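Have a look at the structure that comes next, please.
The values are calculated or read from the model by the stated rules, or taken from the named source; none is laboratory data. Every value quoted in this text rests on a predicted model; they were computed, and no experiment measured them. Ideal geometry is used to build each Cβ from the backbone, glycine not excepted, and the neighbour counts take in all protein chains shown. Surface accessibility is based on the protein's heavy atoms, side chains included, excluding ligands, DNA and RNA. Shrake-Rupley method; radii C 1.70, N 1.55, O 1.52, S 1.80 Å.
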Amino acid sequence: MFRLTEYMQQLVTPTPVRNRGSNGAVKPVVIWNMTRRCNLKCRHCYTVSADVDFPGELSAAQAMETLDDLGRFAIPALILSGGEPLDRRDLFEVAARARQLVRVLALSTNGTKIHGETADRVAGTGFDYVGISIDGIGATNDWFRGVEGAFADALRGVRALKARGVKVGLRFTLTEGNHRHLPDLLKLCDDEGVDKFYLSHLVYAGRGDKNRGEDAAHLRTRRALDLLLERAWDAVSGGAPLDIVTGNNDADAGYFLHWAQERFDAGKIANLRQHLAAWGGNSSGLGVANIDFLGDVHPDTYWSDYTVGNVKTTPFSQLWTGSDRMLALLRTRPRPLKGRCGACSLREICGGNTRIRALQLTGDPWAEDPACYLDNAEIGIEDAERLEITPFRGKRHDPAHKFF
């Protein structure tokens, strides 16, 4: 996750750089898919969820044992996700226990079920943040999410939580089909008093892989970032507050750095670059981890084809600090990147971007990320041709492919 507003603030009030550490010393933010059940049918769903019960879900006792382990391991944050997490029957019992054990607790939901007593319970749990996914205004969101009325119900959820004093964010996945709605969604944030806006780039996993042809073209992505940069600068310059973050395309940090270089002096740019390098970009297998609804542990939420182990048999803390070879490679700096990513002068900032996209298209997790939208000159490759890449329709890799 790239915290745009946070790093934009460095251009206004520079602060000393704090390194986040390396290798197993970093405790990850854990994204836990509590269930695969969901009442929507989103075109980009990485878990391929549906409105049915899936076998093998962690039991209540197993969930509590895992929570206790996460608490002892002192993870910095836990995000309860799905499917739709509110479709898990004991979600609030799990969340209440998690609230006692972790410093930061968040809920990632489609928001359609948050009203009345459910809204009261969400507010009463004490989540630090609730992210609600909206992928366009009105009918566009409903088409994207596969259920008529989903936009109205999600907006009702936003309003219910804001009325109860809960910090709320909107989550938006940028595609060719909804990019025109970005200005309206930012306006919606301002109109509704939303605290945070999260723009996610499409990742080729689950139905997001099936519909990868809908990914935003590179020029479209650049224009979206231009708009976010303008809004973030307004926020840190005394305008209406809005915390803007992006995810799943760490080239955003490089694009921001170039934006800043055109506007600020060398001293501020040097400090900003040091901060971005300390952050380090893509954190799969290092600063972020995933536990899926079966209890399988993955380097991130999109890498379902690679499993480190299962919390039903081995505690998460042991799996994360063990000798898994893929985790070791993901934690290597610099990573063993190839192609444009390997030659990139900004790789210390973006960390090689999102490895799962390279894997899905080539079968090689270290190939270049095809969704990098910076041109060759911007990444320090001045002697090579750079062509605009249209949405990607190559065949999916064989999940039986051996990584090593």
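Each label point is 7 Å from the Cα along the Cα-to-Cβ direction; what then is the distance between the points at residue 190 and residue 338, in nm?
Result for the modelled spin labels: 4.7 nm.
Rounded to the nearest 5, what % of the DSSP beta bridges within the chain are antiparallel ones?
Percentage antiparallel, nearest 5: 15.
How many percent of the accessible area of the chain is carbon or sulfur, using a 1.4 Å probe?
51 percent
Ordering 1, 8, 64 by how much accessible area each has at a 1.4 Å probe, largest first, what is the list?
Largest accessible area first, the residues go 1, 64, 8.
Once each part is reduced to its C-alpha centroid, what is the distance from the range 306-324 to the range 221-295 in angstrom?
Taking the Cα centre of the range 221-295 as reference, the centre of the range 306-324 is 30 Å away.
Residue 274 to residue 223: extension gain in nm, 0.36 nm per residue of separation minus the Cα-Cα distance?
Full-extension gain reported as 15.8 nm.
Another question, then. Given the -39500 (n - 2.57) contribution per DSSP H run of 4+ residues, what per-residue ellipticity at 222 nm results for the chain, rounded to the nearest 500 deg cm²/dmol?
Computed ellipticity for the chain at 222 nm equals -10500 deg cm²/dmol.
If you count only protein heavy atoms with a 1.4 Å probe, what accessible area per residue comes out for the range 102-194, rounded to a whole Å²?
Per residue, the range 102-194 has 39 Å² of solvent-accessible surface.
Can you give the relative contact order of the chain as a percent, counting alpha carbon pairs under 8 Å and 6+ residues apart?
20 percent
Cross-chain or 8 or more residues apart, Cα under 20 Å: how many lysine pairs in the chain fit that? Count them up, please.
Counting lysine pairs in the chain gives 11.
Can I ask one more? log₁₀ I(q)/I(0) of the chain at q = 0.12, 0.13 Å⁻¹, via Debye over equal Cα point scatterers, no solvent, to two decimals?
One equal scatterer on each Cα of the chain leads to -0.97, -1.17.
Sticking with this structure for a sec: Return a whole-number percent for the relative contact order of the range 251-331, with Cα pairs under 8 Å and 6 or more residues apart as the contact set.
19 percent
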